[in-house]
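Worksheet: one structure, shown below.
The values are calculated or read from the model by the stated rules, or taken from the named source; none is laboratory data. Please read these numbers as outputs of a predicted model, since none were measured by experiment. All Cβ positions, even for glycine, are placed from backbone atoms using ideal geometry, and neighbour counts span all protein chains on display. These accessible areas exclude ligands, DNA and RNA; they are computed on the full protein's heavy atoms, side chains included. Shrake-Rupley method; radii C 1.70, N 1.55, O 1.52, S 1.80 Å.
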Amino acid sequence: MSGPATGAAGVFQARDAHYIDGKWRPAAGEERIDVVNPTTEQIIGQVPAGDARDVDAAVRAARAALPGWAATAPAERGALLAAARELMSARRAEIAATVSAELGAPPAFAAAVHANLPISVMRSFATLAAEYEFEERVGNSRVFQEPVGVVGAITPWNYPLHQIVAKAAPALAAGCTVVLKPAEDTPLVAQLLAAILDEVGLPAGVFNVVTGLGPVAGQALAEHPDVDLVSFTGSTAVGRRIGAAAGAAVKRVALELGGKSANVVLPGADLAKAVNVGIANVFANSGQTCSAWTRILVDAERYDEAVGIATEAAAKYLPGQRLGPVVNAKQRERVRGYIRRGVEEGARIVAGGPEAPEGLGTGYYIQPTVFADVRPEMAIAQEEIFGPVVVLIRYEDEEDALRIANGTVYGLAGAVWGADEDAAVAFARRMETGQVDINGGRFNPQAPFGGYKQSGVGRELGAHGLAEYLQTKSLQF
Ligand code: NAD
């Protein structure tokens, strides 16, 4: 690695400061985090590694700003979010370039998803803020939906802006104030959002960003006594700790954790479409998607045909072109470890493998990998790998498929493909999971997103996502 290569085309320039109380404020300590481009392995900037003092300053600012923001008319809050959406739209290319630089996402994917998705989510909450019924009559009661208070948001690196907006936008729409601790690998797009919210004139202290390491700044935020709700997206291991700390303090918590989602191809479904869309779903974002359909379930009769289709589809994901690197060297080693483990467990590699892809000088690349002859109990069929790895599992009949689909600790997403839509819907209703796409149903940014079982607690997006940031009061008269 070399020194900071500043000013890469269109990439947001790192700020050596936290965004607290409407200002860029120097960090309390001296520690810094290097931001590394996963494609070039070059340092592209530095941000402060904040500590408990920075977090405390941000929480105080958020607390002080709360009464004023909570009292603002919802339509006015919506208008500020709409203005933020406008500015995000105007800076779309900069958002895409920044995520491309700090996450390694191929430019086309960064533009189509990493920039566009949070823009549409911001739009949906701008509208919801204006239209949501924050008040209703129940008999002789008037029932009010009030903001929960100060929100501590802790986010991961895999969809860095989307995951921030999916928390900050509903929190702000609800009248909450926010302290964000973004992932250490991808802090630049978080700083970019702070700059945007600053420019639209969000009142000081309503939205704050403290960059830093998880066990330091993240933990200080999660455990701060003056935070009313902790909203976390990331690994199940960290989520469990945050949930335990929140439980002990009797504060609200929302957890979006891992997944190992099933892509169930029912007999009679369009096999080529199901497998091709399934492979695209996993390999997009280099497999770093919590809701990815990483297990393809196919009936015994058509299993070999499905393996052939998946192998051919994987060959189209050339590392360095359509397939970007994973986020850092540690994740690359983790994913390669799983690929080796799959081989040791007796699964058969039909595409890819643990070796580095050929012909690429730098970058944390992994070959797009497909495993066949996978048994449901293998680690590669149970644990979240978070890389471009997909497993194909054979089932005997629909009951067997359901048992396999439901046979993990997770339940975040899934897919069902069937010639008969009603039968596919009936199957999906029996899946223990929060979201299922039937025959390639499109992603809906207003549909509730979140997990059953160990995939999490609570829902994000749309009206359900907004409700997470509200608490209920009833007055009788
Ligand atoms: P992580 O859970 O460690 O990090 C997520 C966020 O939590 C980051 O902002 C991090 O700084 C913060 N954090 C870490 N430790 C903390 C603590 N003790 N207290 C408070 N905050 C803390 O995830 P990771 O190490 O970046 O990735 C590891 C694995 O997690 C991945 O391989 C993947 O399986 C999973 N993951 C899932 C998602 C998801 O969207 N569900 C996202 C990222 C990672």
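Ligands, DNA and RNA left out, the 1.4 Å accessible surface of segment 191-271 is 60% carbon and sulfur atoms. Under a model in which nothing but the beta-carbon of Lys, Arg (+1) and Asp, Glu (-1) is charged, the chain shows a dipole of about 820 debye around its Cα centre. Between the listed residues Leu87, Leu318, Pro448, the Cα displaced farthest toward the positive end of the dipole of the chain, a dipole computed from Cβ unit charges relative to the Cα centre, is found at Leu87.
In loop segments of segment 384-477 as defined by DSSP, the GluC sites (Glu not before Pro) with at most 12 further C-beta atoms inside 10 Å of their C-beta are Glu396.
Say R0 is 30 Å: what FRET efficiency, to the nearest 0.05, do Leu318 and Ala244 get from their beta-carbon distance? Approximately 0.10, to the nearest 0.05. With the biggest extent put first, the Cα atoms of segment 215-289 measure 55, 23, 17 Å across the principal axes.
Toward the positive end of the charge dipole of the chain, with +1 on the Cβ of Lys and Arg and -1 on the Cβ of Asp and Glu, the farthest Cα among Val350, Pro368, Val238 is that of Val238. Each residue of segment 398-468 gets 78 Å³ once the volume of the Cα convex hull is shared out per residue. Rg to Rh ratio, segment 262-319, alpha-carbon atoms and Kirkwood radius? In segment 262-319, Rg relative to Rh is 0.96.
Using 22 Å as the Cα-Cα cut-off, could you pick out the over-long pairs in Lys273/Lys330; Lys181/Lys260; Lys251/Lys453; Lys23/Lys330; Lys273/Lys316? As for pairs spanning more than 22 Å Cα to Cα, those are Lys273/Lys330; Lys181/Lys260; Lys23/Lys330. Protein-only accessible surface at a 1.4 angstrom probe places the residues Tyr303, Tyr452, Tyr338 in the order Tyr452, Tyr338, Tyr303, largest first. Please check the chain for the longest run free of trypsin sites (Lys or Arg not before Pro) that are loop-located per DSSP (anything but H, G, I, E, B) and have at most 16 other Cβ atoms within 10 Å. Longest run free of exposed loop sites: 1-315. Note on segment 262-445: antiparallel DSSP beta bridges, both residues inside, total approximately 15 percent of the bridges counted.
Here the ratio of the Cα radius of gyration of segment 236-278 to 2.2 N^0.38 Å is 2.01.
Exposure check, 1.4 Å probe, all protein chains in place: Cys290 carries approximately 20 Å² of accessible surface. The mean of 1/r over all pairs of different alpha-carbon atoms in segment 1-92, once inverted, gives a Kirkwood hydrodynamic radius of 16.0 Å. Simple rule: put +1 on each Lys or Arg Cβ and -1 on each Asp or Glu Cβ in segment 262-445, find the dipole, and look at Gly359, Thr289, Val389; the Cα lying farthest toward the positive end is Gly359. Taken over segment 262-445, the percentage of Cα pairs per 10 Å bin, counting from 0 up to the bin with the maximum distance, is 10, 41, 36, 12, 1.
Summing charges over neighbours of Gln476, with a neighbour being any other residue whose Cβ is under 13 Å away from its Cβ, gives +3 when K and R count +1 and D and E count -1. A 1.4 Å probe run over segment 262-445, with the rest of the protein chains in place, finds 41 Å² accessible per residue. The residues packed around Leu202, meaning those with a beta-carbon under 14 Å from its beta-carbon, carry a net charge of -2 if Lys and Arg are +1 and Asp and Glu are -1. Binning the alpha carbon pair distances of the chain at 20 angstrom intervals from zero yields the distribution 25, 55, 20, 1, expressed in whole percent. Between segment 334-388 and segment 161-227, what's the alpha-carbon centroid distance in Å? Using only Cα atoms to place each centre, the spacing works out to 34 Å. More than 15 angstrom separation, counting every C-alpha pair in segment 428-477; what % is that? Summing the P(r) of segment 428-477 above 15 Å gives 59 percent of all pairs.
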